[in-house]
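A.B. asks: Let me give you the structure first, and then I'll get to my questions.
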Amino acid sequence: MPIALPPRSIVDTHTHTHFSDGVGTFEQNAEAARAAGARVIVSTDHLTLPRIMDPEGEVQVTTDELAAHRAAWEAARDAHPDLEYLYGFECDWYEGCEDNIVRWSAGAQVRLGSVHWLGPQDGGAWIDDTSDRHIWEELGADEVWRRYCETWCAACSCPLFDIMAHPDLAMRFANDGFAPTIDLAPLWDEMVACARDTGKRVELSTAGWRKGVGDYYPAEGLLERFFQAGVPISVGSDGHVPGDICDGIAAAYDHAARIGYRTVEVPRADGSWEAMPIA
Ligand SMILES: [Zn+2]
Ligand SMILES: [Zn+2]
């Protein structure tokens, strides 16, 4: 086991580079992380996707880029021995994704599981993309939420994922005219039961604040339920530009501690997971 991290060390388990839909290089992200005082960060570019989801390869690390992606991460990791820089991917869940994920994310130390995309039977759309707003207009926020929750529970059952990222991403446009009108509590309870029963970690993401959601992902009521069910959390910024790497992590520790959490889970370079005290 590695030496335990000091309590409340800055750790960011969700970061992107220009290889997927981010802006910074691995090197720039590592420098930003060190400037923020981070001890551990995880690179989690969007994994390779089927053509139907991203025909132009705008979001993902394409198969052609995977080797260069890995090499660029290794160079940045080796240049920063004072930072544990882990290699991971943010993996979209879709029907039949498992074999693709195993193949394309070979060598990953961390896999985030995400639901951004609802399948063809649900309109085949990215729920967090402003250019796919039509799904919100056609289905309405309540129905998007129901389908999101069903898809999320399927994703949560995938044993390949270490952490379920931004669990209530369907809040993305709640302050832009697409707030659910139904009581979300029954859907939240389904999600919590899925996470508990599959032994998953969930992410406390600071990105909601930068996206105008006015809360973390997950919202406070959902985070409280995860806590009451004993579901562990990790904390990530989902930074897509170097300036957002580690954004709001210390405040997220305070928030989680207020809810009742005493530790957050941190992946370490040797493959272990550490429960780091935050309170
Ligand atoms: Zn995401
Ligand atoms: Zn992300």
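The values are calculated or read from the model by the stated rules, or taken from the named source; none is laboratory data. None of the values given here were measured: they were computed from a predicted structure. Methodologically, a virtual Cβ is constructed for each residue, glycine included, from the backbone with ideal geometry; neighbour enumeration extends over all protein chains shown.
A.B. asks: Restricting to segment 79-108, name every residue that is in contact with a Phe, Trp or Tyr (Cβ under 9 Å, 6 or more places away or on another chain), in a loop (DSSP other than H, G, I, E, B) and surrounded by 17 or more Cβ atoms within 10 Å (Cβ to Cβ).
C.D. replies: Trp93, Tyr94, Ser105, Ala108
A.B. asks: Scan segment 271-279 and give yes if some residue there is at pLDDT below 95, part of a loop (DSSP other than H, G, I, E, B) and either surrounded by fewer than 18 Cβ atoms within 10 Å (Cβ to Cβ) or of a type in the set (S, T, N, Q) (or both), otherwise no. Lay out the reasoning, then the answer.
C.D. replies: At the first step, the residues of segment 271-279 found to be at pLDDT below 95 are 279.
Cutting the leftovers down to part of a loop (DSSP other than H, G, I, E, B) gives us 279.
From the residues that got through so far, the ones that are either surrounded by fewer than 18 Cβ atoms within 10 Å (Cβ to Cβ) or of a type in the set (S, T, N, Q) (or both) too are 279.
For segment 271-279, residues at pLDDT below 95, part of a loop (DSSP other than H, G, I, E, B) and either surrounded by fewer than 18 Cβ atoms within 10 Å (Cβ to Cβ) or of a type in the set (S, T, N, Q) (or both): present.
A.B. asks: Is there a residue in segment 110-120 that is modelled with pLDDT under 95 and assigned to a helix (DSSP H, G or I)?
C.D. replies: yes
A.B. asks: For segment 39-47, indicate whether the set of residues that are in contact with a helix residue (DSSP H, G or I) (Cβ under 8 Å, 6 or more places away or on another chain) and charged (D, E, K, R) is non-empty. Don't jump to the end; show me each part of the working.
C.D. replies: Initial filter on segment 39-47 (in contact with a helix residue (DSSP H, G or I) (Cβ under 8 Å, 6 or more places away or on another chain)): 41, 43, 45, 47.
Cutting the leftovers down to charged (D, E, K, R) gives us 45.
Within segment 39-47, one or more residues are in contact with a helix residue (DSSP H, G or I) (Cβ under 8 Å, 6 or more places away or on another chain) and charged (D, E, K, R).
A.B. asks: Separate question: How many residues does segment 49-102 hold that are of a type in the set (Lys, Arg), closer than 25 Å to Cys158 by Cα and touching a helix residue (DSSP H, G or I) at 6+ places or on another chain (Cβ under 9 Å)?
C.D. replies: First, pick out the residues of segment 49-102 that are of a type in the set (Lys, Arg): 51, 70, 77.
Applying the additional criterion that residues be closer than 25 Å to Cys158 by Cα yields 51, 70.
Narrowing further to those that are touching a helix residue (DSSP H, G or I) at 6+ places or on another chain (Cβ under 9 Å): none.
Final tally of qualifying residues: 0.
A.B. asks: Let me ask something else about it. Would you be able to tell me the number of residues in segment 19-42 that are in a loop (DSSP other than H, G, I, E, B) and either within 16 Å of Gln109 (Cβ to Cβ) or of a type in the set (A, V, I, L, M, F, W, C) (or both)?
C.D. replies: Going residue by residue through segment 19-42, those that are in a loop (DSSP other than H, G, I, E, B) are 19-25, 36-37.
The next check asks that each one be either within 16 Å of Gln109 (Cβ to Cβ) or of a type in the set (A, V, I, L, M, F, W, C) (or both); those that pass are 19, 23, 36.
Within segment 19-42, residues that are in a loop (DSSP other than H, G, I, E, B) and either within 16 Å of Gln109 (Cβ to Cβ) or of a type in the set (A, V, I, L, M, F, W, C) (or both) number 3.
A.B. asks: Of the residues Glu84, Glu31, which single one is closer than 21 Å to Met276 by Cβ, over 18 Å from the mean Cα position of the chain (by Cα) and touching a residue at least 60 places away in the same chain (Cβ under 8 Å)? Steps first, answer last, please.
C.D. replies: Values: Glu31 fails: closer than 21 Å to Met276 by Cβ.
Answer to the selection: Glu84.
A.B. asks: Find all pairs meeting these conditions: Cβ atoms under 7 angstrom apart; at least six residues apart or on different chains; first residue within segment 203-227 and assigned to a helix (DSSP H, G or I); second residue within 16 Å of ligand 1 (Cβ to nearest atom) and among the polar types (S, T, N, Q).
C.D. replies: Close Cβ pairs satisfying both conditions: Ala207/Ser237.
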